[in-house]
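Worksheet for the structure shown next.
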Amino acid sequence: MTGRRLPAPVICVDGPSGSGKGSLATALAERLGWRYLESGALYRVIGAMALERGVATDDEAALASLAQGLDIELAGEGAQADGIDLTERIRDEDVAAAASEAARHPQVRQAILTQQRRAAETAAAEPPAEGTPGLVADGRDMGTVVFPDAELKIFLDASAEERAQRRYKQLRNKGMTVNLRNVLANIRDRDARDKGRAASPLQPASDAVIIDSTDMTITDVLRQALALVRERGLA
């Protein structure tokens, strides 16, 4: 921790793809009446716009320039960039792969760091209706890089096989034809990229509480997280 006082209380939920961190962070924000930041959506927007505009995901300078110039708006499940509605597009597999590639680049991560941290200022100045100032942020480096002084850091994990099953069911429910073996391979490839990148690799913060959700329901995970919230005096 750096000792920097945050403008509003922050809870970080980090973890690999498919661990359930988005579901947990959303549920926590709703229960506490806090704002929610899905940091992964920012990278997915960049990935989507890179594909849209033909920017190569291995061109760090071009991607960083793209990220700096985009007018990104996130609201609930919605996502826009430069007035283009990307709400559905950012959930596609090719966009997820492009986002993961983009997130490897230090210049890209630096380009959106200010926007991520600004979410805490917004949470302090504009809490949700009937809510209180506070932010729940999910991602892969929320507790290690973006909000190192967060009041509570949770690292939500699960086995690659379980995460692949969850993603497979999610895609099937959307009517997509998918192969479980391929989904598992994609999960493992993304894990390797996220853990092996030089900039902000995926890892628990030194003071994070690690929760393995492999054999847990979202209700079980939420119950454990809320107990931590109460222990820290955040609710």
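The values are calculated or read from the model by the stated rules, or taken from the named source; none is laboratory data. Quick caveat, the model's predicted, so the values are computed rather than measured. Don't worry about glycine lacking a Cβ; one is built from the backbone with ideal geometry, like all the others, and counts go over all protein chains shown. Accessible surface areas use protein heavy atoms only, side chains included; no ligands, DNA or RNA. Shrake-Rupley method; radii C 1.70, N 1.55, O 1.52, S 1.80 Å.
Condition check for Ile218 on (1) crowded, with 21+ Cβ neighbours inside 10 Å; (2) touching a Ser or Thr at 6+ places or on another chain (Cβ under 6 Å): one failure, at (1).
Each row is one residue, and each column tells you yes or no for (1) part of a helix (DSSP H, G or I); (2) under 16 Å from the mean Cα position of the chain (by Cα).
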{"position": "Ala96", "(1), (2)": "yes, yes"}
{"position": "Arg104", "(1), (2)": "no, yes"}
{"position": "Leu113", "(1), (2)": "yes, yes"}
{"position": "Gln116", "(1), (2)": "yes, yes"}
{"position": "Ala119", "(1), (2)": "yes, yes"}
{"position": "Ala123", "(1), (2)": "yes, no"}
{"position": "Pro127", "(1), (2)": "no, no"}
{"position": "Gly143", "(1), (2)": "yes, yes"}
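Of the residues making up region 66-77, just one is more than 16 Å from Tyr43 (Cβ to Cβ) and assigned to a strand (DSSP E or B), namely Ala75.
Looking across region 193-235, the residues that are among the charged types (D, E, K, R), under 30 Å from Ala111 (Cβ atoms) and part of a loop (DSSP other than H, G, I, E, B) come down to Arg197, Asp207.
Which residue is most open to solvent (accessible area, probe 1.4 Å), if the candidates are limited to region 1-23 and must be aliphatic (A, V, I, L, M) and more than 18 Å from Asp194 (Cβ to Cβ)? Restricting to residues being aliphatic (A, V, I, L, M) and more than 18 Å from Asp194 (Cβ to Cβ), the top hit is Met1. So for region 51-66 (the condition being open to solvent by 10 Å² or more (accessible area, probe 1.4 Å) and under 24 Å from Glu162 (Cβ atoms)), does at least one residue qualify? The answer is no, given that none of the residues of region 51-66 is open to solvent by 10 Å² or more (accessible area, probe 1.4 Å) and under 24 Å from Glu162 (Cβ atoms).
Does region 39-49 include one or more residues that are in a helix (DSSP H, G or I), among the aromatic types (Phe, Trp, Tyr) and in contact (Cβ under 8 Å) with a residue 24 or more places away in the chain? Yes, some residue in region 39-49 is in a helix (DSSP H, G or I), among the aromatic types (Phe, Trp, Tyr) and in contact (Cβ under 8 Å) with a residue 24 or more places away in the chain.
Look through region 159-192, keep the residues that are of a type in the set (Gly, Ala, Ser) and assigned to a helix (DSSP H, G or I), and return whichever of them is surrounded by the fewest Cβ atoms within 10 Å (Cβ to Cβ). Break it down stepwise before answering.
Residues of region 159-192 of a type in the set (Gly, Ala, Ser): 159-160, 164, 175, 185, 192.
Add one more test, that the residue is assigned to a helix (DSSP H, G or I), and what stays is 160, 164, 185, 192.
Working: Ala160: 17, Ala164: 22, Ala185: 13, Ala192: 11.
So, considering only residues that are of a type in the set (Gly, Ala, Ser) and assigned to a helix (DSSP H, G or I), the one surrounded by the fewest Cβ atoms within 10 Å (Cβ to Cβ) is Ala192.
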